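The values are calculated or read from the model by the stated rules, or taken from the named source; none is laboratory data. Just so you know, these numbers come straight off a predicted model, no measurement behind them. FYI the Cβ positions are ideal-geometry reconstructions off the backbone, even for glycines, and counts take in every protein chain you see.
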Amino acid sequence: MKSLTTIILSLISLSIVSAQTEYSSPVISIGVIVSDLDKSVDFYQNILGMKKSREFDINTDFGIRSGLTGGVPFSVLVFKLEDIQEATEWKLISFGKDAQHPRQKWIQDDTGIQYVTLNVKSLKPFLERFEKGGIPLLGETPTAINDDLWFILVQDPDGNFIELIGPPLNMN
């Protein structure tokens, strides 16, 4: 009976390990099409404090072969919260004013990715940068989620919602 239990547990372990190794990286890279690259770089780099980690180009041929574009070449600027290999990548791409999307007032106004959550150690420096950069706070934020966390909601230059969650303001 012990050997049957050992075999079953081994198979379960192999199944779990197999599921965990299906991806070559635990990092999710998110591509965000923006209308004004300079404004977006300023927002993500100077307001949110993301770090530019790299950039690369997609040429006409690869745009077509990959199915990404109908032959329009483009550049990708990659930002991360921290410049470490395991950090999520936030890829900014611009096709200029030609690529427009209706600006949402609420997250229920459209389908697809509507907001991103950033968990921060302190909300204070973000509030200072939002004020200095003229970034309006949405709703009645900052607002308490519970005794341990507060919530702030803003939008990037294209209207993508960014929520920041961190310790209570009086603890910053």
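Being of a type in the set (Phe, Trp, Tyr) and either part of a helix (DSSP H, G or I) or touching a His at 6+ places or on another chain (Cβ under 8 Å) (or both) is the filter here; which residues of region 128-172 pass it? Residue satisfying the conditions is 130 alone. Among the residues of region 68-85, those identified as in a loop (DSSP other than H, G, I, E, B) and within 18 Å of residue 49 (Cβ to Cβ) are 81, 82, 83, 84. Mind checking whether some residue in region 92-109 is at pLDDT 95 or above and either more than 18 Å from the chain's Cα centre (by Cα) or part of a loop (DSSP other than H, G, I, E, B) (or both)? No, that holds for no residue. If the condition is being part of a loop (DSSP other than H, G, I, E, B) and not hydroxyl-bearing (Ser, Thr, Tyr), then region 22-67 contributes 22, 26, 27, 28, 36, 48, 49, 50, 59, 67.
Output the residues belonging to region 92-118 that are surrounded by 14 or more Cβ atoms within 10 Å (Cβ to Cβ) and either in contact with a helix residue (DSSP H, G or I) (Cβ under 9 Å, 6 or more places away or on another chain) or over 22 Å from residue 68 (Cα atoms) (or both). 92, 93, 94, 104, 114, 116, 118, listed by residue number. On inspection, residue 17 fails the criterion of being in a helix (DSSP H, G or I), modelled with pLDDT of 95 or more, of a type outside the set (S, T, N, Q) and not assigned by TED's automatic domain parsing to the domain that holds residue 136. Only a single item in (1) exposed (fewer than 12 other Cβ atoms within 10 Å of the Cβ); (2) over 15 Å from residue 47 (Cβ atoms); (3) outside the structural domain of residue 38 (by TED's automatic domain parsing) is not met by residue 141, and it is number (1). Only one entry in 163, 89 is at pLDDT 90 or above, in the same structural domain as residue 30 (by TED's automatic domain parsing), touching a strand residue (DSSP E or B) at 6+ places or on another chain (Cβ under 9 Å) and surrounded by 11 or more Cβ atoms within 10 Å (Cβ to Cβ), namely 89.
The C-beta contact set for region 49-69 (first residue surrounded by 14 or more Cβ atoms within 10 Å (Cβ to Cβ), second residue basic (Lys, Arg), distance under 8 angstrom, 6+ apart or interchain) comprises 49/129; 50/80; 51/80; 53/80. Would you check if there is a residue in region 114-129 being of a type in the set (Gly, Ala, Ser) and closer than 30 Å to residue 56 by Cα? No, region 114-129 contains no residue that is of a type in the set (Gly, Ala, Ser) and closer than 30 Å to residue 56 by Cα. Inclusion of residue 113 among residues that are modelled with pLDDT under 90 and within 30 Å of residue 149 (Cβ to Cβ) is warranted.
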